[in-house]
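Asks: Let me give you the structure first, and then I'll get to my questions.
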Amino acid sequence: MALYSEKVMDHFRNPRNVGVIEDADGVGEVGNAKCGDIMKIYLKIDDDIVTDVKFETFGCGSAIASSSMATELIKGRPVSEALSLTNQAVAEALDGLPPHKIHCSVLAEEAIKNALDDYYAKHPEKKPQA
Ligand code: FES
């Protein structure tokens, strides 16, 4: 069996949503100290919907594929769904990642959560009440 699924290879070779949103409503950046990979996510949010999302990833192929898939999974979706996106959901949507590459999908989950934290810090009135 190939180490990487067709979907991982596709999103690595043709990543979706690469780039920067200049006037983003939320920006999140995370890194993994062990491998040194860095992921940055930009969100545009309108009426509690993620209307646009872009990423910049300086990292391995699995990190690029995870960023690409994660952005596809939250684009056009409610903020609540973006908040609850897990790395398992990203890895499953990619038809799996090798065990030693699971942390690459964790970066995508964390970067989105950081971007949403940034959004709520800028728009505290939007934060769901606990
Ligand atoms: Fe660290 Fe992929 S090897 S993010």
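Every read-out reported here was derived from the displayed coordinates using simple, explicitly stated rules and does not represent laboratory data. Quick caveat: nothing in here was measured; it's all calculated off a predicted structure. Here the Cβ is made from the backbone with ideal geometry for all residues, glycine too, and neighbour counts use every protein chain on show.
Asks: For n ≥ 4 DSSP H runs only, could you compute -39500 (n - 2.57) per run for the chain, divide by its residues and tell me the 222 nm figure to the nearest 500?
Replies: -13000 deg cm²/dmol
Asks: I would also like to ask the following. Taking all pairs of different Cα atoms in the stretch 23-130, averaging 1/r and flipping that mean, what Kirkwood radius in angstroms comes out?
Replies: Across the stretch 23-130, the inverse of the average 1/r is 13.6 Å.
Asks: Using the structure shown, select from Lys75/Lys122; Lys54/Lys127; Lys34/Lys126; Lys7/Lys122 the pairs with a Cα to Cα distance greater than 30 angstrom.
Replies: Beyond 30 Å between Cα atoms: Lys34/Lys126; Lys7/Lys122.
Asks: Sort the stretch 1-66 into rounded, prolate or oblate with this rule: let a ≥ b ≥ c be the square roots of the eigenvalues of the Cα gyration tensor; rounded if a/c is under 1.5, and if a/c is not under 1.5, prolate when a/b is larger than b/c, oblate otherwise.
Replies: Since a/c reaches 1.5 but b/c is at least a/b, the shape of the stretch 1-66 is classed as oblate.
Asks: In addition: Listed highest first by mean packing, meaning other Cβ atoms within 10 Å per residue, what order do 59-65, 106-112 come in?
Replies: In descending order of packing, they fall as 106-112, 59-65.
Asks: Provide the percentage of antiparallel DSSP beta bridges, counting only those with both residues in the chain; round to the nearest 5.
Replies: 95 percent
Asks: Also: Run the numbers for Glu29 and Thr51: contour at 0.36 nm per residue of separation, minus the present Cα-Cα distance, in nm.
Replies: Separation in residues times 0.36 nm, less the Cα-Cα distance, equals 6.0 nm.
Asks: Moving on. Which one, His100, Ile74, Cys60, is farthest towards the positive end of the dipole of the chain when Lys and Arg carry +1 and Asp and Glu -1 on their Cβ?
Replies: Ranked along the dipole, the leading option is His100.
Asks: Let me ask you something else. Using the per-residue mean of other Cβ atoms lying within 10 Å as a proxy for protection, in what order, highest first, do the peptides 69-82, 28-41 fall?
Replies: Put in order of decreasing packing, that is 69-82, 28-41.
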